[in-house]
Amino acid sequence: MMKLLVFLLYALAVSVAMALRGFWSPVKAQTKSSGRRIERILVVGATGGTGRELVAQALERGYEVTAFARDPTKMHLTHPRLNVVRGDVLDPKAVDMAVRDHDAVVSALGHRRIFIPSRIQSEGTRNLLRAMETHGVRRFVCETSLGLGNSAGRMGVLSTFFVLPFILPIYFWDKSHQERVIAASGLEWVIVRPGVLTNGAKRGDYHHGFDVGSYIWTKRISRADVADFMLKQLTDDQYLQTATAIVR
Ligand SMILES: NC(=O)c1ccc[n+]([C@@H]2O[C@H](COP(=O)([O-])OP(=O)(O)OC[C@H]3O[C@@H](n4cnc5c(N)ncnc54)[C@H](OP(=O)(O)O)[C@@H]3O)[C@@H](O)[C@H]2O)c1
């Protein structure tokens, strides 16, 4: 009984910490877009699950795409409008070179070193934002996760009381910092907080907004649908300078 209580208290404390440390999103767009035409986009995390979808769907939409990859050989897609550049988000020089000459940056950055304290997401994002400011690149769309800031608890009971506090606390700590870094920038940014990701097909009939997700059930969404929604945020101002959730 005592053990269960300690378990629950710890899980609750982690949730509260993620809620407080994550970004508290306003529910209304905070700024007007510069209205700049977006033709060339840089995709960060391009070799990952969502990233590959972002690249493929951005090409389908007619964008000129640069895929930023630590290992370009992992990019199996070839296309006349696709350019692949090698780089690590923790290398400010590589990030600076990659960002310039683009109109927007879309990030699906993530990693698997979830038990090792790291600042890949926050520091990598800081490098991206700095380069964007230097080169006048205004629009930034970034995938984070449901469970942060004012979406805390909306990942469902299993994630809130087990996955997040016992498997992902270190990883989410950096993610919450990443959200803060984005929100502190003066760019045209949108934070996209998906539920649990799947490799399902693009359906297009997902829910988005500030009060989606569930305090009870695990809500999922395919990476293909997340990519679809993220690319829409390049030209849609509804969620500008806010963090919106997305689930099926
Ligand atoms: N899994 C879920 O259920 C879930 C739920 C909600 C939110 N999310 C979040 O959604 C995002 C996308 O997840 P995903 O599973 O689609 O992506 P993923 O497969 O984990 O891919 C992450 C991408 O980030 C890249 N990356 C990692 N470290 C890098 C570095 N230092 N420099 C440059 N690139 C780097 C990886 O490159 P390499 O290929 O070289 O490793 C990869 O392309 C992540 O932030 C994840 O935490 C996931």
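Of all residues in segment 216-233, which are part of a loop (DSSP other than H, G, I, E, B), away from the ligand (no atom under 12 Å from the Cβ) and crowded, with 21+ Cβ neighbours inside 10 Å? Passing the criteria: only 233.
Residues in segment 75-101 that are of a type outside the set (A, V, I, L, M) and under 16 Å from residue 142 (Cα atoms): 0 in all.
Only one entry in 118, 122, 107 is of a type in the set (Ser, Thr, Tyr) and crowded, with 22+ Cβ neighbours inside 10 Å, namely 107.
Filter segment 1-37 for residues that are among the β-branched types (Val, Ile, Thr) and over 15 Å from residue 190 (Cα atoms) and give the result.
6, 14, 16, listed by residue number.
Scanning segment 48-83 for residues that are within 21 Å of the chain's Cα centre (by Cα) and of a type in the set (A, V, I, L, M) gives 54, 55, 56, 58, 59, 65, 67, 69, 75. Looking at this structure, is residue 23 in a loop (DSSP other than H, G, I, E, B), within 15 Å of the ligand (Cβ to nearest atom), within 24 Å of residue 227 (Cβ to Cβ) and touching a strand residue (DSSP E or B) at 6+ places or on another chain (Cβ under 7 Å)? Yes, satisfied. So for segment 21-41 (the condition being among the aliphatic types (A, V, I, L, M) and at pLDDT 90 or above), does at least one residue qualify? Scanning segment 21-41 turns up at least one residue that is among the aliphatic types (A, V, I, L, M) and at pLDDT 90 or above. All conditions in (1) at pLDDT 95 or above; (2) over 22 Å from residue 208 (Cα atoms) hold for residue 49, with the sole exception of (2).
Only one entry of 16, 85 meets the criterion of being closer than 27 Å to residue 242 by Cα and either of a type in the set (Lys, Arg) or in contact (Cβ under 8 Å) with a residue 12 or more places away in the chain (or both), and that entry is 16.
The values are calculated or read from the model by the stated rules, or taken from the named source; none is laboratory data. This structure is a prediction, so every number in the text was calculated from the model and none was measured. FYI the Cβ positions are ideal-geometry reconstructions off the backbone, even for glycines, and counts take in every protein chain you see.
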